[in-house]
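Take a look at the structure below.
Any read-out appearing in this document is the output of simple, stated calculations on the displayed coordinates, not a laboratory observation. This one's a predicted model, so the numbers in the text were calculated from it and none came from an experiment. Ideal geometry is used to build each Cβ from the backbone, glycine not excepted, and the neighbour counts take in all protein chains shown.
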Amino acid sequence: MVHQAAPAPTCALITDSVVAELYGKQARHSLEQAGFKVTLFVFPAGESSKTTRTVETAYDVLLAACPERRSPVVALGGGVVGDLAGFVAATLLRGVPFVQVPTTLLAAVDASVGGKVGVDHANGKNMIGAFHHPRAVLMDANTLRTLPKIEVQCGLAECVKHAIIRDAGLFDFISANLPAIFDGNSGVLTELVAWNVRIKSAVVMADPFEHGVRAVLNLGHTFGHALETLAGYTGLKHGQAVGLGTLAASTMARNRGILDDTSHKKIEGLLRDIGLLDFRPAVDIAAAMALMRGDKKVRDGRLRLVLPTAIGSAEIISDAQPEEVAAAIEAITSPSSRGARR
């Protein structure tokens with residue numbers, strides 16, 4: 001399948017240290033059987049590796065193999081692998097083909113589909129990046145059955161986001177099938193992934209470079225990215241941050257009167273049932289707000305936020321007031337950090 005999407009004599013396989021142990025040999029053998037001469041690059045697992053330093057090391061390894069501009073980069077792993085490998089593909093030789101092979105629920109339903117690639121910076125998550133859409137996205141649902149529970153929870157954060165912004169039916173499907181999802185039921189997982197990909201791909205195709213409607217996919221992310229940055233990209237996973245950010249957005253929408261209290265409680269309840277509200281970080285609210293003001297989605301100096309108006313719809317607002325943003329952040333933080341509000 002990779003050779004059909006990007007025919008070439010050579011390719012690069014980029015993965016992290018955890019996925020390399022699980023599927024690295026199998027993936028490399030499959031690519032070699034397809035006729036590729038494979039250059040493997042493995043980096044330490046975790047968000048803290050998603051930096052320009054890791055990218056520079058990848059350049060050194062890949063350029064030593066003398067790739068061609070048609071030589072694809074294959075990303076095998078979760079969202080961190082896809083983001084970093086995609087950025088390498090977007091910039092190596094001014095751009096080479098890119099193929100995503102997601103092995104986590106989060107990557108399968110979200111990160112592998114949209115064409116956003118990049119690395120983190122001390123000033124914020126994904127602040128250095130590009131749009132570089134994959135030639136193909138290939139997934140084996142059986143890889144999702146080996147995921148630890150926390151990774152399933154993180155993937156479900158993005159699924160809930162898609163449900164809130166576009167499809168109340170998906171929201172009900174997730175609610176009704178949580179036990180089967182956590183048990184690794186292949187049929188349910190396949191349907192869950194397909195449903196989410198249909199939603200995200202439709203939004204992305206309507207707005208490939210995020211000039212308009214695609215911004216709704218950022219529900220929970222502006223809040224969440226601030227939490228991740230304050231945590232130093234350790235101790236708080238992306239999906240956990242998105243789950244907390246989604247609750248913050250729902251709280252702000254309820255407080256504004258654009259989301260009814262019943263819907264807000266349903267959103268909070270599902271996030272709690274998934275386990276995404278089990279960890280409430282201690283947050284300096286002023287510092288979080290400063291990071292949000294520097295978010296890459298700011299336009300004309302105004303912070304744009306996505307707020308739900310119902311389960312199945314959302315709107316983008318650009319008139320957020322500091323006090324309501326602070327109240328929303330306060331709602332998702334641990335009680336011990338509430339004194340940091342100022």
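Report ³J(HN,Hα) in whole Hz for each residue of region 54-71, in order, from the Karplus equation J = 6.51 cos²θ - 1.76 cosθ + 1.60 where θ = phi - 60°; Gly and Pro get x.
Whole-Hz 3J(HN,Hα) from phi for region 54-71: 5, 4, 4, 5, 4, 4, 4, 5, 6, 5, 5, 8, 6, x, 9, 5, 9, 6.
Sorting check: for 137-150, 236-249, which peptide has the highest mean count of neighbouring beta carbons within 10 Å, and how do the rest follow?
Numbers: 137-150: 15.5, 236-249: 26.5.
Result, highest mean first: 236-249, 137-150.
Under 5 Å between amide H atoms, partner at least 5 residues away or on a different chain: which partners does residue 73 have, H built in plane at 1.01 Å?
12, 98, 99
In degrees from 0 to 90, rounded to the nearest 10, what is the angle of the helix 261-274 Cα long axis to the longest principal axis of the chain?
40 degrees
Would you mind computing, in nm to one decimal, how far apart the modelled labels at residue 172 and residue 1 are, each placed 7 Å from Cα along Cα→Cβ?
Those two pseudo-labels are separated by 3.1 nm.
Return the long-range amide H neighbours of residue 40 (sequence gap of 5 or more, or a different chain), with a cut-off of under 5 Å between placed amide H atoms.
Distant-sequence amide H within range of residue 40: 13.
If you restrict to DSSP beta bridges whose two residues both lie in region 2-145, what percentage is antiparallel, to the nearest 5? Walk me through the numbers on the way to the answer.
Values: 5 of 23 bridges.
The antiparallel fraction comes to roughly 20 percent.
With +1 assigned to the C-beta of every Lys and Arg and -1 to the C-beta of every Asp and Glu, and no other charges, what is the dipole magnitude of region 2-145 about the Cα centre in debye, to the nearest 20?
Numbers: 12 positive and 11 negative charges, 59 e Å.
Once rounded to the nearest 20, the dipole reads 280 debye.
Rg (Å, one decimal) plus Dmax (Å, integer) for the alpha carbons of region 1-99?
12.1, 34
GluC sites (Glu not before Pro) within region 33-137: which are DSSP loop residues with at most 12 other Cβ atoms inside 10 Å? Don't skip to the end; give the middle numbers.
On the way: sites: 47, 56, 68; in loops: 68.
Taking region 33-137 and a limit of 12 other Cβ atoms within 10 Å, the loop GluC sites (Glu not before Pro) found are 68.
Residue by residue through region 26-40, what is 3J(HN,Hα) from phi via Karplus (6.51 cos²θ - 1.76 cosθ + 1.60, θ = phi - 60°)? Round to whole Hz and write x for glycine and proline.
Going residue by residue, I get 4, 5, 4, 4, 4, 5, 5, 5, 7, x, 7, 8, 9, 9, 9 Hz, with x marking Gly and Pro.
Lysine pairs in region 148-340 with alpha-carbon atoms under 18 Å apart, 8 or more places apart or on different chains: how many are there? Can you show the working numbers first?
Details: 149/237; 161/200; 161/237; 161/265; 161/266; 161/297.
Close lysine pairs under the 18 Å cut-off: 6.
I'd like to know which of 306, 124, 321 lies farthest towards the positive end of the charge dipole of the chain, counting +1 on Cβ of Lys and Arg and -1 on Cβ of Asp and Glu.
124
So what's the convex hull volume per residue for the Cα atoms of region 148-340, in Å³? Numbers along the way, then the final one.
Details: hull volume 21.5 nm³, N = 193.
Taking the convex hull of the Cα positions in region 148-340, it is 112 Å³ per residue.
Could you derive backbone 3J(HN,Hα) for region 115-128 from the dihedral phi with the Karplus parameters 6.51, -1.76 and 1.60 (θ = phi - 60°), listing whole Hz in sequence and x where the residue is Gly or Pro?
Running phi through 6.51 cos²θ - 1.76 cosθ + 1.60 with θ = phi - 60° gives x, 7, 9, x, 10, 8, 9, 4, 7, x, 6, 6, 6, 10 Hz.
Report the label-to-label distance for residue 136 and residue 186 in nanometres (one decimal), using points 7 Å from each Cα along the Cα→Cβ vector.
With each label point 7 Å from Cα toward Cβ, the separation is 2.1 nm.
If I model a spin label as a point 7 Å beyond the Cα along the Cα-Cβ vector, how far apart are those points for residue 286 and residue 321 in nm?
2.1 nm
I'd like the chymotrypsin sites (Phe, Trp or Tyr not before Pro) in region 75-144 restricted to DSSP loop residues with at most 16 other Cβ atoms within 10 Å, sorted by number.
Answer by residue number: there is no such site.
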